[in-house]
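In what follows, a structure is listed as structure tokens, so that the remarks can point back to it.
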Amino acid sequence: MTTREAVLGKIRRSLHTGPSDDDRRATVAARLAAHAPGLIPARGQRDPAGRLALFFEMADKVAASSERLASADEIPAAVARYLRSKNLPQAIRRGGDPRLERLPFDREPQLAVAVGPSDGHDLAGLSHAFAGVAETGTVVLVSGPDNPTTLNFLPEHHLVVVRASEIAGDYEAVWTRVRAAFGEGGMPRALNWITGPSRSGDIEQTILLGAHGPRSLHLLVVDDL
Amino acid sequence: MQVTSPAFRENARKALADVTLQKALKNVEKGFIAKRAKAAEALPEFEALRDAARDLKIHVLKHLDLYLEAYEKKVVEAGGHVHWAESAEDARRIVTDICKRLGARTVTKGKSMITEEIALNDHLEKEGITPVETDLGEYIIQLRGEHPSHIVAPAVHLTKEQVAGDFRRVHTHLDAARDLTEPVTLLTEARTVLREKFLVADVGITGANFLIAETGSSIIVTNEGNGDLTQTLPKAHIVMASIEKVVPTLEDVDTLLRVLARSATGQELSVYTTFSTGPRREGDPDGPGEYHVVLLDNGRSAMLGTEFEDMLRCIRCGACMNHCPVFQAVGGHAYGWVYPGPMGAVLTPTLVGVDKAGHLPNASTFCGRCESVCPMRIPLPKMMRAWRNREWERALNPAALRSGLGLWAFVAARPALYRLAARAAGFGLRLLGRGGRIARLPFFASGWTANRDMPAPEGATFMDQWKARGGRSA
């Protein structure tokens, strides 16, 4: 007998499951197929403008900085401005995401833009979010050929573009979009919810920013509502 | 790890006398209790979410075999491997085999309580593989050769001065004269030292907060980002998960995530919630080349269908220990194994035997705070009581306790004698009282007042007062 059969057998014996599992199997299959939402807090249930306001408020509470841009074309200038404000060199690394690819980086001739995954020596990284969640000021990032996961964790400063129209009220609304993009039961390899910059409270329960991930998280919200 | 639970009394006595530990334990209240209360209050649906979370997990446990099968199928579809482990030994062997096949020399680790449960680090070291803990608290206690004293805050028993001393002792390549008085300096130093470890590790091992049957995803929740670096950078990612971690759908995980961080640290959500599904895909610029999940039973399947089944709802938030007066007084190490506090008092006897861990369910005042804050509404005091009953049935208690309880039972079963004895005891205790308090009880009862006083009875017994007010007697 394999350990798989041994473990499953022990579970079935403890649960006193009968010889016919049809009812239990049907229950499980139905629940997985329905993936019905549970209790969704009222907090995020607002109109698009209200969701956006809540997103900014919650992001601020978790020490993420943010700014609102009238169009995606303003992103290169916003990146350069952010780096100056932090006294950082004019250099950033991004993924090959087409939404970032087509931005007018040539308008910032001082800004050196590298493309691809991080080797751990970048000061700043730029990513495009799949979605935002107003309920907790969270951005949702998905991995893929043009979206390296290392950019989310290795650079000291992480700048994330999120479209206002893609800021959902709650996580459940994001799952609906994930299923549309990756199919029923499908997921990207890595899906990251990021809520503020990295922190630790492990020394005397005092919260300090900048543990292993980025010390600061800056959200660039492109107003396409 | 070695079980020192049989020495709980001695462990507790030492902990109470440890001035540094007592200072560090003051941070439990500061760090957790008020924050949890505030987070719970800020979400009007919090109590209803706790009910939903409980009901969800009850459903999962009744169908655990089927959800595990569904989960396994999806992991394999995504290119991952599932390994089933009946025992700690199985799990250790699976992990070592993977590491050896890949020629691994160093392994980074995200926080995982079940790797403590199976003593994985000791085993890896014996095999010549160096495990590096990357969660700041876990890193600190690894430097000290200790084990976590709390399931969420492993180094809660330490002061910043102790951490500074350890960093000086171990990070000898750094300037000996550097200033380490501020916690932020300690954090930066750990970040720099561990960054190099992340970049050279061959295998990354993390735990799992949840597994999703619908998608075959594993989830980890961290604030530091260490878990993500652990699993993204090396050649292989090994997920260590116990069998009860499986949850049906993405929507179901939302419910649990909404209560987890609020109960644990008082955050609305942890900084990083990461859903991992299989290894690096075609065209991916990063991510692990292999993705393995080890599903560990280690005694859990035997809890199903028993009075301890409810314990399998636990999502390891630590709220029960944060709110426990016994944990606050003695800290986590006194409990003598991996899981401290009320959840440990229930789980440890299940996993290592009540003969070894019988003291733990007895180390409770039954004040009920643990159950009142448990996001999964696990009836912890009821289960501690169940362990006391089992201990009694198996005659594991000391003879003095058994004869004392026998005497009490004899008296309690005879109402007239009981009333007489209660009146006599009340009278005697009043004589011992000074200003309403009793400083010292004599003889066999002296232990009761060794570390604290107790209130003296103020008047007649309850039964006498009841009678005087015209109450009916049974």
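Every number here is computed from the coordinates shown, using simple stated rules; none is lab data. The model shown is predicted, which means the values in this text are computed figures rather than measured ones. For neighbour counting, all protein chains shown are included, and Cβ atoms are generated from backbone atoms with ideal geometry for every residue, glycine included.
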task: Return the distance in nm (one decimal) between the two label points of a simple spin-label model at B:Glu69 and B:Ala412, each offset 7 Å from Cα along Cα→Cβ.
output: 4.7
query: Please state the Cα pair-distance histogram of the stretch B:304-431 with 5 angstrom bins from zero: what percent is in each bin?
result: 2, 10, 17, 18, 16, 12, 10, 9, 5, 1, 0
field: Cβ-based exposure ranking for B:Cys314, B:Cys324, in which fewest neighbours within 10 Å come first
entry: B:Cys314, B:Cys324
task: Provide the percentage of antiparallel DSSP beta bridges, counting only those with both residues in the protein assembly as shown; round to the nearest 5.
output: 35
- request: Using just the alpha carbons, could you tell me how many Å³ per residue the convex hull of the stretch A:71-127 encloses?
  value: 75
field: Estimated inter-spin distance, A:Ala70 and B:Thr306, nm [label 7 Å along Cα→Cβ]
entry: 6.9
task: Return the subset of B:Lys35/B:Lys109; B:Lys74/B:Lys382; B:Lys38/B:Lys111 for which the Cα-Cα distance in this structure is over 30 Å, preserving the input order.
output: B:Lys74/B:Lys382
statement: The exposure ranking of B:Arg93, B:Arg414, fewest beta-carbon neighbours within 10 Å first, is B:Arg414, B:Arg93
statement: Farthest towards the positive end of the dipole of chain B, among B:Ser301, B:Phe275, B:Tyr339 and with Cβ unit charges of +1 on Lys and Arg and -1 on Asp and Glu, lies the Cα of B:Tyr339
- prompt: Suppose R0 equals 51 Å; then what is the FRET efficiency for B:Ala400 and B:Arg178 from their Cβ-Cβ distance, rounded to the nearest 0.05?
  reply: 0.40
message: Straight-line reach only, C-alpha to C-alpha below 19 angstrom: list the lysines that B:Lys73 could link to, leaving out same-chain residues fewer than 8 apart.
response: B:Lys245
The stretch B:371-474 - charge dipole about Cα centre, Lys and Arg +1 at Cβ, Asp and Glu -1, debye rounded to 20: 180
- prompt: Using the Cα atoms as the points, what is the convex hull volume per residue of the stretch B:32-189 in Å³?
  reply: 182
task: Please give every one of the lysines within straight-line cross-link reach of B:Lys14, meaning a C-alpha to C-alpha distance under 16 Å, and leave out same-chain neighbours fewer than 8 residues apart.
output: B:Lys23
message: Which of the three applies to the stretch B:148-211, rounded, prolate or oblate, going by the alpha-carbon gyration tensor with a ≥ b ≥ c and a/c under 1.5 meaning rounded?
response: oblate
- prompt: In nanometres, what is the gap between the two model label sites at B:Lys38 and A:Arg81, each 7 Å from Cα along Cα-to-Cβ?
  reply: 3.1
query: Which order, highest average first, do A:127-134, B:281-288 follow once you tally other Cβ atoms within 10 Å for each residue and take the mean per peptide?
result: A:127-134, B:281-288
message: Need one value for B:85-97: mean number of C-beta atoms belonging to other chains within 10 Å of its residues' C-beta atoms.
response: 1
- prompt: Of all DSSP beta bridges located in chain A, what percent are antiparallel, nearest 5?
  reply: 30
message: Taking the Cα centre as origin and putting +1 on Lys and Arg beta-carbons and -1 on Asp and Glu beta-carbons, what dipole magnitude results for chain B, to the nearest 20 debye?
response: 2660
statement: Between the residues B:Gly353, B:Cys317, B:Gly80, the Cα farthest towards the positive end of the dipole of chain B, that dipole coming from +1 and -1 charges on the beta-carbon of Lys, Arg, Asp and Glu, is from B:Gly353
- prompt: Once the convex hull of the C-alpha atoms of chain A is built, how many Å³ does it hold per residue, rounded to a whole number?
  reply: 192
query: What is the antiparallel percent of DSSP beta bridges lying wholly in chain B, to the nearest 5?
result: 30
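Express in nm, to one decimal, how much length is gained between B:Arg430 and B:Arg472 on full extension, taking 0.36 nm for each residue of separation and deducting their alpha carbon distance.
12.4 nm
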Percentage relative contact order, the stretch A:8-165, counting C-alpha pairs under 8 Å, at least six apart: 22
- prompt: On full extension of the chain, what length is gained from B:Glu45 through B:Glu29, given 0.36 nm per residue of separation minus the C-alpha to C-alpha distance?
  reply: 3.3 nm
Test item: Cα-centred dipole of chain A, Lys/Arg +1 and Asp/Glu -1 on Cβ, debye: 520
message: With the cut-off at 1.5 for a/c, could you classify the stretch B:410-468 from its C-alpha gyration tensor as rounded, prolate or oblate?
response: oblate
message: From the mean inverse distance of alpha carbon pairs (Kirkwood) and the Cα radius of gyration, derive Rg over Rh for chain B.
response: 1.03
- prompt: Assuming a viscosity of 1.567 mPa s and a temperature of 4 °C, what translational diffusion coefficient in µm² per second does Stokes-Einstein assign to the protein assembly as shown, Rh being the Kirkwood radius over Cα pairs?
  reply: 48
- prompt: In the stretch A:83-225, with Lys and Arg counted as +1 and Asp and Glu as -1 at Cβ, which of these residues, A:Leu111, A:Ala173, A:Pro155, has the Cα nearest the positive end of the dipole, that is, farthest along it?
  reply: A:Leu111
query: Packing-wise, with mean Cβ within 10 Å as the measure, how do A:75-83, B:207-215 rank, highest first?
result: B:207-215, A:75-83
Surrounding net charge for A:Ala70, when Lys and Arg each add one and Asp and Glu each subtract one, Cβ distance under 13 Å: -3
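Nearest 0.05, what FRET efficiency do A:Ala33 and A:Ala181 give at R0 = 25 Å with Cβ-Cβ as r?
For R0 = 25 Å, the calculated efficiency reads 0.85.
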statement: Output field shielding_mean for B:277-289 (other chain Cβ, 10 Å radius) holds 6
field: Cα-Cα pairs of the stretch A:113-218 separated by more than 21 Å (percent)
entry: 39
message: As a footprinting exposure proxy, order B:Glu133, B:Glu125 by other Cβ within 10 Å, with the fewest listed first.
response: B:Glu125, B:Glu133
- request: Enumerate the amide H contacts of B:His157 below 5 Å, restricted to partners 5 or more residues apart or on another chain; note that Pro and chain-start residues carry no placed amide H.
  value: B:Ser149
